[in-house]
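Heads up: the structure comes next, in structure tokens.
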Amino acid sequence: MHLDVRINSLMPGGGNVKALASVNMDGCFAVKNIKIMEGNNGLFVSMPSYKSHDGGYKDICFPITAEFRQQLNDAVINSYHQAIQQLQEQKNAVNVYDYGPPVDYGEPIGISM
């Protein structure tokens, strides 16, 4: 199955939620508000959920097989790492308008008629 993952929001800071993602599956089904969370054992993917009447949380949608769960988790976490890397590259990139000190080219050339 082809998964198109988009990281919609990066959430820097001390919270457990690191990013929000959406996944398009084979161009047929999309899931939004997937959370990339930081837990005691590292990053994990949290599917969209709702709070039930007993106070717990229930996933709205979820992978059925262990194989697809692993494929989805890997795709989302890899996309998160790519988004972080792109952000770092943007921060480290040289500004194209930073040419150094100004250069004196002499008197401007004018045309008189």
- The simple spin-label model distance between ASN92 and LEU43, using points 7 Å out along Cα→Cβ, in nm, is 1.7 nm
- Mind sorting TYR50, TYR57, TYR80 by how few other Cβ atoms lie within 10 Å of their own Cβ, fewest first? TYR50, TYR57, TYR80
- Query: Which length gain, in nm to one decimal place, applies between ASN8 and GLN70 when the Cα-Cα distance is subtracted from 0.36 nm times their residue separation?
  - Reply: 20.2 nm
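Values in this text are rule-based calculations from the coordinates and carry no lab data. Keep in mind that what you see is a predicted model, and the values were worked out from it rather than measured. All Cβ positions, glycine included, derive from the backbone under ideal geometry; neighbour counts span all protein chains shown.
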